[in-house]
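The structure under discussion appears below in the form of structure tokens.
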Amino acid sequence: MSMNRQVLKWFVNLAMGIVFVSSFVTGLFKFTILTRAFGLTDIILPAALMSNIHDWSGLTLSLLVMVHLFLNRAWILLMTRKILAGTVNTA
């Protein structure tokens with residue numbers, strides 16, 4: 001069963017969004033200044049677990065970005081050619 005390319009792109013983009021949020025939130029919790037500013041110092045967060053989640057979500061996001069760029073390589077090359085040739089309609 002073949003998956004439609006547009007559906008595959010949608011799933012990759014959705015996964016990128018979810019993993020980005022995970023990386024962003026865990027990154028915020030790693031900053032002690034921000035946790036103090038938001039009054040979250042009383043919440044017990046396992047720092048090692050947060051750090052692991054942050055690291056793995058960063059790696060996963062990197063891989064998903066590479067897949068995203070591969071799936072969109074034709075558009076990227078087309079737009080690069082248009083920009084370099086000065087034929088992009090900016091209006």
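Which option, (i) 116; (ii) 126; (iii) 174, is the value of volume of the Cα convex hull per residue in Å³ that was calculated from these coordinates?
Working out volume of the Cα convex hull per residue in Å³ from the coordinates points to (iii).
Determine the calculated [θ] at 222 nm for the chain from helices alone, applying -39500 (n - 2.57) to every DSSP H run no shorter than 4 residues and normalising by the residue count; nearest 500 deg cm²/dmol.
Using -39500 (n - 2.57) per qualifying helix, the result is -26000 deg cm²/dmol.
Which whole-number percentage describes the relative contact order of the chain, with Cα contacts under 8 Å and a sequence gap of 6 or more?
36 percent
Fewest Cβ neighbours within 10 Å first, please rank 54, 68 accordingly.
68, 54
Using θ = phi - 60° and the Karplus form 6.51 cos²θ - 1.76 cosθ + 1.60, what ³J(HN,Hα) does each residue of the stretch 15-26 get, whole Hz, x for Gly and Pro?
Result, ordered by residue: 4, 4, x, 5, 5, 4, 4, 4, 5, 5, 5, 5 Hz.
Taking the simple approach of a point 7 Å from Cα along Cα-to-Cβ for both residue 32 and residue 88, what is their distance in nm?
4.4 nm
The numbers here are math on the coordinates, done by the rules we state, and not lab data. This is a predicted model, so every value here is computed, not measured. Note that each Cβ is placed from the backbone with ideal geometry, even for glycine, and that neighbours are counted across all protein chains shown.
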